[in-house]
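Since the structure comes first, as structure tokens, the remarks are kept for the end.
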Amino acid sequence: MAANGLPFSRLGVSIGRAQGNAVVRNRIKRLIREVFRLNQLEMPSGFDILVTMAKRRHSRMQRVPPTTSGKASYALAAMNDSLLKLVGLCYKKQMNS
């Protein structure tokens, strides 16, 4: 997270090949972008937020089949909480330094 001097925040997403094939990586990116879109007003403005995933991790999100809408919303909710928590921690760290 870095200040960008703009009145709005921007999001960058980088998913490494270790996370899976292109379908899996693009699904993760879509979920992250949707979480950002839904919570953009709650996040601090004027920052560039970069989300990266390089190492393979076993999470609930990867076990969610892409055709199951109920489980997909569960993955979105879990990612929502995680992203908001991480952005809050980064913002506090940025303001303290």
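Values in this text are rule-based calculations from the coordinates and carry no lab data. Bear in mind that the values here come from a model prediction, so they are computed numbers and not experimental data. Note: ideal-geometry Cβ built from the backbone for every residue, glycine included; neighbour counts use all protein chains shown.
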Quote to one decimal, in nm, the extra length available between Lys29 and Ala2 on full extension: 0.36 nm per residue of separation minus the C-alpha distance between them. 7.7 nm
Among the aspartates and glutamates, select those whose C-alpha is under 19 Å from the C-alpha of Lys29, and discard any that sit fewer than 8 residues away in the same chain. Asp48, Asp81
Taking placed amide H atoms and a strict 5 Å upper bound, the residues 5 or more places from Phe47 or on another chain that come that close are Asn4, Ser9, Arg10
Simple spin-label estimate for Ala22/Cys90, 7 Å along Cα→Cβ, in nm, reads 2.7
